[in-house]
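Each remark here refers to the structure printed beneath this line.
The values are calculated or read from the model by the stated rules, or taken from the named source; none is laboratory data. Computed from a predicted structure; not experimentally measured. Glycine also receives a Cβ, built like all others from the backbone with ideal geometry; neighbour counts cover every protein chain displayed.
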Amino acid sequence: MRSRTPNPARGGSYRRLSMKLFTILTLLILVVPDRPAGAQARKAFSLAELAVYAAPDREQILVSGAKKEGKVVWYTSLAGDSYKELARAFEAKYGVPVESYRGTSKELTAKILAESQAKRYLMDALESSPPLLMLMRAMNLLTPYNLPYLAKYSAETKEEAGKGSVYWVSDRESYMGLSYNKNKLSANAVPKNYDGLLNPALKGKMGIVTSDTGPRTIGAMLKVKGEEYVKKLGQQEISLHAISGRAILDLVISGELELSPTTFRNHALVAIEQKAPIGWVAMDVVPANAGAAALPIQAPHPHAAVLLVDFILGPDGQKILEKFEYGSATKDYGFKRWYPEKGLTVEQYEKEIDRWEKLVRELGRK
């Protein structure tokens, strides 16, 4: 059998060819550009990163990701048609379906806590009152975020989270003040401030609600005038009503009460548009019932979650909420607002509420 002797020349050719291919491949690796940074970021972005992403392509990334995710699940305590219209407008603009769960703050609290304990995370975005958000912050259940419109909101309407981000921002506000019946109360007898409520001519003509609106109004009085003032107010034979702020406005409209300092501006504006014989006055400070937008820590659809919060707090969402007579935290209405929960822990706020509720009950004692 003939043996094959390696051909040195041929082996050299293979080696030269291999070296040439290696060199070509190396050059290709060096000169072929990486994927765009944005493309890499889209794949790698977590909820926490998306929430504070501030590059010009923020909306593009959020919309693209939201469409791939297919929907957003939104928990809200907004009432009436306002939340439905927000959802419809978001869907129309971005083509991303919204699954809304609407409940009171207490109902949302129970649902969110139960889901958290079961590690069953369904919620993408949340819109509710500060007490619930304060509780979630204390339990480390919120994701800090930033957004393009943040600078338009005052410090009082934001809960700072550090590094320019926030835990929540007020997206809608309702303002508590004095409503009065124009047919029952002459113009010169209408109180213009808290001192005006002490007018002896108003004795027995005023009503206050015992629901949240009443205690928060008392809290504002304490802040401005002190506890001695509230004791003097108790001499006015004020009637107490275990009803809502909207319901007590109906009593003012009907003339059963001549005035109440525990009614909402937005309810009064709607009634005035409907030709009800009432007026509304801002007192020394105006307690604000706020609803705020927040992100949970475990949003199943992170792009859609951040996009929805951006939408609610942006011009489109704010326009819709104002259509329903909600006040905007970005606007000046000519009166001084007060946010009862601002700067307090859950425990501190509960203690204050207990104190205010006690003073409301004392107002009704004869």
request  = Evaluate region 325-348: report whether one residue or more is buried (at least 19 other Cβ atoms within 10 Å of the Cβ), among the acidic types (D, E) and not assigned by TED's automatic domain parsing to the domain that holds R88.
outcome  = yes
message = Looking at region 269-289 only, could you name the residues that are at pLDDT 95 or above, touching a Gly at 6+ places or on another chain (Cβ under 9 Å) and surrounded by 18 or more Cβ atoms within 10 Å (Cβ to Cβ)?
response = W280, V281, A282, M283, V286, P287, A288
inquiry  = Can you confirm whether R246 is modelled with pLDDT of 95 or more and among the basic types (K, R)?
reply    = no
request  = Count, please, the residues in region 183-198 that happen to be over 23 Å from W338 (Cβ atoms) and surrounded by 14 or more Cβ atoms within 10 Å (Cβ to Cβ).
outcome  = 3
note = Considering only helices (runs of 4 or more DSSP H) wholly within region 216-279, the ones with at least 2 residues that are touching an Asp or Glu at 6+ places or on another chain (Cβ under 8 Å) and over 24 Å from E341 (Cβ atoms) are 265-273
query = Of the residues K275, K331, which single one is free of Cβ contacts under 8 Å to residues at least 60 places away in the same chain and at positive phi?
reply = K275
remark   = If we ask which residues in region 65-101 are among the small types (G, A, S), out of contact with any Lys or Arg (no Cβ under 7 Å at 6 or more places or on another chain) and in a helix (DSSP H, G or I), their number turns out to be 5
message = Can you confirm whether A305 is of a type outside the set (S, T, Y), buried (at least 22 other Cβ atoms within 10 Å of the Cβ) and not in a helix (DSSP H, G or I)?
response = no
inquiry  = For region 309-325, give me the residue count where each residue is in a loop (DSSP other than H, G, I, E, B) and at pLDDT 95 or above.
reply    = 1
query = If you check Y75, Y121, Y101, which single one turns out to be under 29 Å from K342 (Cβ atoms), surrounded by 14 or more Cβ atoms within 10 Å (Cβ to Cβ), in contact (Cβ under 8 Å) with a residue 40 or more places away in the chain and under 17 Å from the mean Cα position of the chain (by Cα)?
reply = Y75
inquiry  = Can you find, within region 142-159, the residue that is surrounded by the most Cβ atoms within 10 Å (Cβ to Cβ) among those that are of a type outside the set (A, V, I, L, M, F, W, C) and assigned to a loop (DSSP other than H, G, I, E, B)?
reply    = T143
query = Restricting to region 230-241, what's the tally of residues that are surrounded by 16 or more Cβ atoms within 10 Å (Cβ to Cβ) and without any contact (Cβ under 8 Å) to a residue 40 or more places away in the chain?
reply = 2
